[in-house]
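Just below is one structure, and these are the notes that go with it.
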Number of protein chains: 2
Amino acid sequence: MIDQFVGDVMTRSVRTIPPESTASDVATLFANHDIGSAVVVAPETGEYSGIVTESDIMQLVAAGADIDTVRVATFLSAPIVTIASTEDIHAAATLMKAHSVRRLPVTEDGDIVGILTTTDLTHYLPRLRNTILRGRNDLAAQ
Amino acid sequence: MIDQFVGDVMTRSVRTIPPESTASDVATLFANHDIGSAVVVAPETGEYSGIVTESDIMQLVAAGADIDTVRVATFLSAPIVTIASTEDIHAAATLMKAHSVRRLPVTEDGDIVGILTTTDLTHYLPRLRNTILRGRNDLAAQ
């Protein structure tokens, strides 16, 4: 089997942030948890309204924006590009490339249950290689 | 062949920045070129003294540092974890995981000639899959 599922490789935890938070709040969240994105969720409705990433923060800092006052709602990206946990990781990689993103929130039954990043896929590569070599040896032994 | 070389997958361009630059300069470089790291090079000697990444900027912003005055020399990471262009990509992925880094400057004859990121490896995944399938079909046809 060379196809592996997104659900097996993803990080099963999603950081969320309300749209009223500031860019400074986002930077603190990212720095404290060593993450690069957060899903924007309205606390009243629980609805996903977008995603913010460290690239957004970099753009704001570079532009000299006052990060203590700029709100998430003004710079989030929407709609979110997501992938189902039952998709295979090659489809995820293709989707990331097509949309120029490095993180895909992962859905199950319409809920976001995790996030898949380029780092998750990279950490999976050596395991993928071993799986392939094993499959090849099995095939050769037949 | 499931082994692919770092030199074939890396981005063959390296952004450098002098140690006297400010965090604000770094953020501007990252935002303008949509990159996440730069190699720190002393202009006088041409020597590599470290690397700065978007995580460093995030930490400074989160800490409320004055990014217009903090110098690269005070927050760079050294020594740099590098990989030779002749290594295979699975070794690179293993090295990234071991050092918890997402970018590896790539060396040829002691010079840094490119950078390999988790994004490069992710974009390579679908091609890797096709290579494997082709190899398997060839093997099955023998």
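The values are calculated or read from the model by the stated rules, or taken from the named source; none is laboratory data. This structure is a prediction, so every number in the text was calculated from the model and none was measured. With ideal geometry, Cβ positions are generated from the backbone for all residues, glycine too; neighbour counts draw on all protein chains shown.
Annotations for the structure displayed:
- Taken together, A:F75, A:F5 contain a single residue that is within 30 Å of A:D138 (Cβ to Cβ), touching a strand residue (DSSP E or B) at 6+ places or on another chain (Cβ under 8 Å) and surrounded by 15 or more Cβ atoms within 10 Å (Cβ to Cβ), which is A:F5.
- Of the residues B:I51, B:I67, the single one that is within 12 Å of chain A (Cβ to nearest Cβ) and either at pLDDT 95 or above or assigned to a loop (DSSP other than H, G, I, E, B) (or both) is B:I67.
- Filtered residues of the stretch B:70-107 (kept if hydrophobic (A, V, I, L, M, F, W, C) and either facing another protein chain (nearest Cβ under 10 Å) or part of a helix (DSSP H, G or I) (or both)): B:V72, B:A73, B:F75, B:I89, B:A91, B:A92, B:A93, B:L95, B:M96, B:A98, B:V101
- Being in contact with a helix residue (DSSP H, G or I) (Cβ under 6 Å, 6 or more places away or on another chain), polar (S, T, N, Q) and within 20 Å of A:K97 (Cα to Cα) is a property that B:T119 has.
- Qualifying positions in the stretch A:22-48 - within 16 Å of A:D120 (Cα to Cα) and in a helix (DSSP H, G or I): A:H33
So that you can scan it fast, the table gives a plain yes or no per residue for (1) of a type in the set (S, T, N, Q); (2) at pLDDT 95 or above:
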| site | (1), (2) |
| --- | --- |
| A:I2 | no, no |
| A:V6 | no, yes |
| A:R12 | no, no |
| A:P19 | no, yes |
| A:T22 | yes, yes |
| A:T28 | yes, yes |
| A:I35 | no, no |
| A:V39 | no, yes |
| A:E44 | no, no |
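- When the stretch A:1-21 is filtered for residues that are outside any loop (DSSP other than H, G, I, E, B) and touching a residue at least 60 places away in the same chain (Cβ under 8 Å), the ones remaining, listed by number, are A:F5, A:V6, A:G7, A:V9, A:T11.
- Any hit, the stretch A:42-56, residues being at positive phi, within 13 Å of the chain's Cα centre (by Cα) and without any contact (Cβ under 8 Å) to a residue 40 or more places away in the chain: yes
- Picking from residues in the stretch B:116-138 that are of a type in the set (V, I, T) and more than 7 Å from chain A (Cβ to nearest Cβ), the one that is nearest to B:V39 (Cα to Cα) is B:T117.
- B:N32, sole failed condition from (1) more than 23 Å from B:A84 (Cβ to Cβ); (2) in contact with a strand residue (DSSP E or B) (Cβ under 6 Å, 6 or more places away or on another chain): (2)
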